[in-house]
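This report refers to the structure that appears directly beneath it.
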Amino acid sequence: METNIESEAYQTFVEATQTLNNTELKNWKRDGGKVVGYFCSTVPEEVFTAAGLAPFRMRATGSTNTELSDACFSNINCSFPRHAMNLALEGEFDFLDGMVCLNSCDHVRRIYDNWIRNLDTHFVKVMSLPRKVEQPQIEWYDDEIKILIKDVEESFDVEITQEKLNDAIKLHNEVRELQKEVFRLRTVENPPLNGVEALNVIVAGTAIPKARYKVLLEQFLKDMEGVKGKGGHRVRVMIVGGELDDPEFINVIENEGALVVTDSTCFGTRLFWRPVSESYDDPVTALANYYIFDRPSCPRMTGDQERRMDFTLEMAKEFKVDGVIGERLLFCDQWSVEHYMNNNDLKKAGIPFLQIDREYILSGKGQLSTRVQAFIETLEGKGIKYEEVV
Amino acid sequence: MAAFDGYIKATHDFIQSMQGDNCTQTVHRDTVDELRASIPIKIGKGAMQGIIMRGNTFVELGNPLAGSTSHLLWTENCSLIQDGRITLIGPDIDTAEGQSLPFGQILMVGGEALKNQDHEQLQQINIIGDQIEGYMLRSSAENIWARVSRDVASREFTFETLGKAMIALIKSNRPDITSVEILFVTSGKKDVEELADSVSSAKSLGSDILKEAWKERGYDVDCDFDCSTCHDEEVCDDIRDTIVQIKQKERSENAAEEDIIATSNK
Amino acid sequence: MTTEANTAVEEQEAKPLTTEEAKERALARYKVERDYFTENREAAKLMVEIGPEWQLQVQLLDIMLDAKEVIIDCVENDKPFIAGYFCNAPELFHAMDLPWYMIMETPFLAASAPYLEGDTDASVEIGMSQDLCTAIRLPIYYIETGQMPLPTVAIGLLTPCDGTPMLEQVIQHNSAWKDVPIYSCDPPYTSDERAVNYYAEELHRMADHITEHTKHTYSVDRLREVCEESNKTYSLWQEYNELRRNVPCPHGWEIGGAQAFAISQCFVAGDPRCTAWFEKLLEVGEERVAKGIGAIDRPDWEEKIRIFWFDIMPYGWVFEFMPWMEEEFGAVVVMDMFGNFPYTMIDTTSEETMYHSLAKRNLLDAPMIRQARGTAENFAGDIRRIVEDYKIDVVVWPGHMGHKDGAATVGIMRDTCRDLGVPFLHVGLDLYDKRYTSVEEVKEQTADFFRGMGLA
C-alpha cells in the first residue's frame, strides 16, 4: 500500500498494525514491562495503563488458517475469533501476560471459555458488560471495573490508586484528542491522508504502550504539516461497522476511487471521538459512565440505536461523505440487524448505503471491487445536501 | 493443595458446635469388602434398578423447600480427614416415614496424590446414579435431593448404611482416595442453611480450580465422532503435535531472521 | 402465505405502516395462526382413543387456543396485553392479570405451519441476512411487515444470544411499534449472588414499567398465590422428569419435553390449569412406568438408544425426523434442553424472596438462557448430569445455524462427552427450515453415526 507520508512515526504505526508483537511492545517487554490483551473496545484499558501494564487490543493479523481453533469453533462462527484463537493456540500471543474478554458477542465471548481450557496465560478474566445504557447498568459496570482493578492488583502485585487512574484517563484522553486531530485532517476536500493511512494510525494506538504512542502521534502530526493533499478520488465514503483492523480492506475500496474519509467502527472514531469525563470525583465512575453511556456504542447496546444513527449522521455531515459502506463480518447477528436499520435510516436521510459482508482475512477482492465500483457509480454527481439532513 | 482445607476445618467446627442429643457418630475403618459385606443392600453399578416413584418413597431428603445443600471437599492432606467417620445431625431415616427432611451432605475425601486436575471428576463422586439400591438422587442440578424406597427402609437402611455404602463406592471407584468422612444434617432448614453458609465460597473456589485444570488438557482436531472409539486417534494426536511444532519452528526462525535484519540495520 | 408475504414485503418497502394498518394486518395473521392450531386440535381430538397422551395434546392446544383468543379479544376491544419473551418471569404477568403472548411464538410453536417457508424467504427479502437465526428473523419480519399484534407493553429479553437484543431494537425502531413502551431486563454475564440480586432489581423495574403503562398491578398475596401454584406445577414437572429416567423411557419426543416447557412458561404460568395438565401427565407417565411401556407401545418395538437432544426440538421438520429415529433405530429422545428441569422453586416468604427466586429461575435456570447466557460451564455441567441421571447413550448437539455461542462451545461439549465415554453427534442444521440441511441429509448423518458408534 503506497503512501506519500514521510514520517518515521508513521512507519512505526504501519509496523504495529501489520504485526502483533511489534517492536514497540518488544522494547516494552525488554524493559520489564507487561502486556495485557483485551478483546473489545469496551474493556477499560485505562485500568491497565494505571497498573503500569501495556494494553493490547486483540487482533488476528497475519493469520492464514484456523486449523487448530476448528476444534473449538464451528463453521457458523465468525472468522475473527476463529483466527484469533488459532493464533493463540499457535503461540502467537505468548507475549501476553494477561487476557481480558467480555461478553461482547456470541462468538468472541467464547474465546474466554476456550482460552482457559487450552492456554496457560498468567491472568485471564471475563467481564460482564451490560446490554443497556441506563443508570443501573452504569452502576453495574462501575462494580465490574472495581473488580477488574482488584484482580489486576492481585495478579500483578501492583496498586492502582485513584491518582494513577486519573493520570491514565488524562493520558488516554490526550491521545483521543490527538487522534481526533488526525481525523480532522480528513474533513478537507483533498485530505493529506487516506483511509488506509488513518487506519494504520489508529490500530497502532491499540498495540503500542500509550505514553509512547502519544509521543509518536505528536511527531506524526508535525510530520503531516507538509504532506500534499490526496486528489483523484471520485467520491468520499464513510465506513460503519465493527471489528475492522485490516487496512487492505480499505485499500481495495480506495483503489476503486472512493476515498474513505471517516468511520464509525470499533477500530475507528468510536474509540476516541468522545473523551472520558474528567469531572467526576471518582475515576471509576467516570470510566463506567464513559464505557456504558458517553462513548458511541455498538449494536449490542440495546436502546441506543437512535444515538448510534445520530453519531453516524454527525460523522457523515462533518466529513461530507457521498455514501456509507456498512461492513459486517459474516455470521454477525448484531451488525446484520443494525445494518438493516442503518439502510432504512440512511435511505430516509438521503444517504446511499452499501452493505458488504466479509471474512476477517480478506478474500474475494474481485467481488469487493466490483460492488464498490457499482456503488461509486451510483454516488457520482449526486451530492448530498447535508443542510437538509436532520 | 490446601484450597479446601479451611472448609474441612469449618465443617469439623460445625460438627463440634452441633454435638448433643441429636448427633450420632460412627467410625468404620473396614476394608471395602468388609464394608460391602456389612450393608444390607446391594451397591455398585446397576444396583439401583428402575426409579423410585412417589408412591414407593419412604422418605424424601433435601427438597429445596425443606432445605438442601451438598459439597465435596478434597485434600491431599489425609490427616485432616477422620477416615470412616459418619456423622448424623438430626433424625434418621427409620424415624421419618412419609416425611420430607431437610438434607445437608458434606463429603470430605483425602488422597495424597489428588491434584487440581482431578477436581472436575471428583465432583462427580457426589452423583451416585444407580449405584445404591433403594436410594435415588433426583435429577436436580444444584442441590442434593434424594429418595429412599420403602423396600430398603424395611431392611434397616439408615444414614449409617448410606454412609458406609458411599465410603465403599468411593474407595473402590477411586483407589487414589484413601480417606473418606461424611456429614449428614437433617435437623432443620436453619441448620442446613448454616452448614451451607460455612462452605458457600467452596463452590466458587471450585470453579477457579476447574479453570486451572482445563488449561492443562490441550485441544484436539475436529471430527464428528468420539475419539475414544476412533482408530485414528493416535494419528490425529500426532498431526496436532506436528502442526504445533512446525508453527513454533517457523516462529523461532522468523524471530531469528528479524533479529538478523534488526542487527544488520544498526 | 407466500403471496401475502410478498405483498407485505412490497408494501413495507413502499411506505411504513401506520399503527392502525399494522393492527389490522396483525390481527388477520394472528387469526390464521389460531386457525392452524384449531385444525391441529381437531386432528388431535380424533386420536384421543389411541391413548391418554392425545388427551394431553388436546388440553395443551385448548390452553394455547384460549390464550390466542384472549389476545384477539384484547386487540379487538383495546384491552391491555403484553408481548413478551419466554423467560420474563411470566408469574408476574399472571399476578397482574395481564394476558401476554410470546414474540417468538410462531417459530417456537408453529414452525410446521404451511406458511413458514414463505415467511422465512420473505424475511430475507426485506433485508435480513440469511445467516441470522431463523427464529429471530421471523419475528423481525412479522414486526416490520405489521403482522405481529401491537401490544400495550413490550417486554424484551437481552439474552441468550446476539439476536434477541437486535429483535428488541427493531421493535424500538419500527414506525408502528416505536410508541409501544418496551422494557428489557439486562442479564448479567456472571451467575453469582450479586448477579441474581441485580436481575431481581431488573424484574422490579420491569413490573413498575408494566404497571405504569397498563395501570395493572398485583398484591403481594396474589403474587404469592401465583408463585405457590407455579411451585406446584414445577414440582409435578420434576416428578414427571424422574419417570423419564426409567428404562424404557415412558415417553419419547411427542409429549412431556418441550410441551412441559411451553405450558409452564409460555401460556399459563402459575395457573391451576397448568398444574392440572402436569397432574395428568404424571399420572399417565406413572402408569406407563409401572407397566414397563416405552415411548412406543407396541410389542415389536424396543428402546435401544437413549438420546439427550441438547437444543430446541427441530420444530420445522420434527414430524419427519423424530418418528423415523424411533422406528428405525429405537432411538428415543429421553431428555432435551427444554424438557430438562434445573429450576429453582420460588421462596414465597416475602415479596423480596419471590423476586429473588424468580430472578434466579429466569436468569440461571431457564433453558438456553442457562447454557448460552454466561460462560460455558453449564454446557459441560448439564451434559455430565443428564448423561448420568438419564442413562444417556448419545448426546446430540444439532448445531442450529442460529446458536453461535453453542457453535463456539462444541469443542468443550465434545471433550466432556469423551470424558464420560458417551458419543457426541454434531450435525449443523436449521431447526426451523429443512432447506438449510435437508431432512434426508440429517437422517443419513444420524444413521451413519449410530452405525459408526456401534449403536445400531
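None of the figures in this text is laboratory data; all of them are computed from the coordinates on show. Note that the structure is predicted; figures quoted are calculated from it, not measured. Cβ coordinates were reconstructed from backbone atoms using ideal geometry, including for glycine residues, and neighbour counts include every protein chain displayed.
A few remarks follow.
- Whole-Hz couplings from phi, Karplus 6.51/-1.76/1.60, listed for segment A:285-301; x for Gly and Pro: 4, 4, 5, 4, 5, 5, 6, 8, 10, 6, 7, x, 8, 10, x, 5, 8
- Partners for residue B:115 among aspartates and glutamates (Cα-Cα distance below 15 Å; same-chain residues under 8 apart left out): B:5, B:76, B:176, B:208, B:212, B:216
- FRET efficiency for residue C:290 and residue C:42, using Cβ-Cβ distance with R0 set to 35 Å, rounded to 0.05: 0.65
- For the cross-link pairs A:132/A:170; C:45/C:304; A:230/A:317; A:132/C:178; A:132/A:348, the ones whose C-alpha atoms lie over 24 Å apart are A:132/A:170; C:45/C:304; A:132/A:348.
- Backbone N under 19 Å from the residue C:49 label point (7 Å along Cα→Cβ), restricted to segment C:288-302: C:297-298
- Taking amide hydrogens as placed 1.01 Å from N in the peptide plane, the amide H of residue C:156 sits under 5 Å from those of C:183, C:184, C:185, each at least 5 positions away in sequence or on another chain.
- With contacts taken as Cα pairs under 8 Å and at least 6 residues apart, chain C reaches a relative contact order of 17 percent.
- Approximating the spin labels as points 7 Å out from Cα along Cα→Cβ, the residue A:11-to-residue C:32 distance works out to 6.7 nm.
- Cα gyration tensor, segment A:297-336 - rounded (a/c under 1.5), prolate or oblate: oblate
- Residues whose amide H comes within less than 5 Å of that of residue C:399, counting only those at least five positions distant or on another chain, are C:427, C:428 (H built at 1.01 Å from N in the peptide plane).
- The mean number of partner chain beta-carbon atoms within 10 angstrom of a residue's beta-carbon across peptide A:134-142 is 2.
- Computed log₁₀ I(q)/I(0) - Debye formula, equal Cα scatterers, no solvent, segment A:64-154, q 0.12 Å⁻¹: -0.43
- The label point for residue B:173 and the one for residue C:124, both projected 7 Å from the Cα toward the Cβ, are 4.9 nm apart.
- Check: segment C:2-214 dipole with +1 on Lys, Arg Cβ and -1 on Asp, Glu Cβ, in debye: 80 debye
- With Cα atoms, 0 to 90° folded angle of helix A:162-184 axis to chain A main axis: 20 degrees
- Full-extension gain in nm, residue A:377 to residue A:67, via 0.36 nm per residue minus C-alpha separation: 107.6 nm
- Calculated FRET efficiency, residue C:349 to residue C:62, Cβ-Cβ distance, R0 = 45 Å: about 0.85 to the nearest 0.05.
- Flagged links, alpha-carbon separation over 24 Å, of A:146/B:9; C:68/C:443; B:164/B:190; A:150/A:210; B:9/B:42: A:146/B:9; C:68/C:443; B:164/B:190; B:9/B:42
- Rounded, prolate or oblate (a/c below 1.5 giving rounded, otherwise prolate when a/b exceeds b/c) for segment C:133-229 by Cα gyration tensor: oblate
- Remark: segment C:247-262, residue by residue, has Karplus-estimated 3J(HN,Hα) of 10, x, 5, x, 9, x, 6, 6, 9, x, x, 4, 5, 4, 5, 4 Hz, where x stands for each Gly or Pro and the curve is 6.51 cos²θ - 1.76 cosθ + 1.60 at θ = phi - 60°.
- Spin-label model, residue A:159 to residue B:45: label points 7 Å out along the Cα-to-beta-carbon direction sit 5.9 nm apart.
- Mean ellipticity per residue at 222 nm, deg cm²/dmol - from DSSP H runs of n ≥ 4 across chain A, formula -39500 (n - 2.57): -14500 deg cm²/dmol
- The length gained on full extension between residue A:348 and residue A:170, counted as 0.36 nm times the residue separation minus their Cα-Cα distance, comes to 60.1 nm.
- Taking the charge dipole of chain A about its Cα centre, with +1 at Lys and Arg Cβ atoms and -1 at Asp and Glu Cβ atoms, the residue from A:384, A:284, A:340 reaching farthest to the positive side is A:384.
- Take each residue in C:151-164, count the other chain C-beta atoms within 10 Å of its C-beta, and the mean is 3.
- Partners for residue A:228 among lysines (Cα-Cα distance below 21 Å; same-chain residues under 8 apart left out): A:180, A:320
- The calculated 222 nm mean residue ellipticity attributable to helices in chain C amounts to -17500 deg cm²/dmol, summing -39500 (n - 2.57) over DSSP H runs of n ≥ 4 and dividing by all residues.
- Charge-dipole axis of the protein assembly as shown as Lys and Arg at +1 and Asp and Glu at -1 on Cβ define it, positive-most pick from C:128, C:369, B:128: C:128
- Cα gyration tensor category, rounded, prolate or oblate, for segment B:5-215 with a/c compared to 1.5: rounded
- Residue by residue, segment B:75-89 carries 3J(HN,Hα) couplings of 8, 9, 9, 5, 5, 6, 9, 8, 4, x, 7, 10, 10, 10, 10 Hz when phi is fed to the Karplus relation 6.51 cos²θ - 1.76 cosθ + 1.60 (θ = phi - 60°); x denotes Gly or Pro.
- Per residue, the convex hull volume that the Cα atoms of chain A enclose (Å³): 131 Å³
- Peptides ranked, highest mean first, by Cβ atoms within 10 Å: ranges A:380-387, B:48-55, A:227-234: B:48-55, A:227-234, A:380-387
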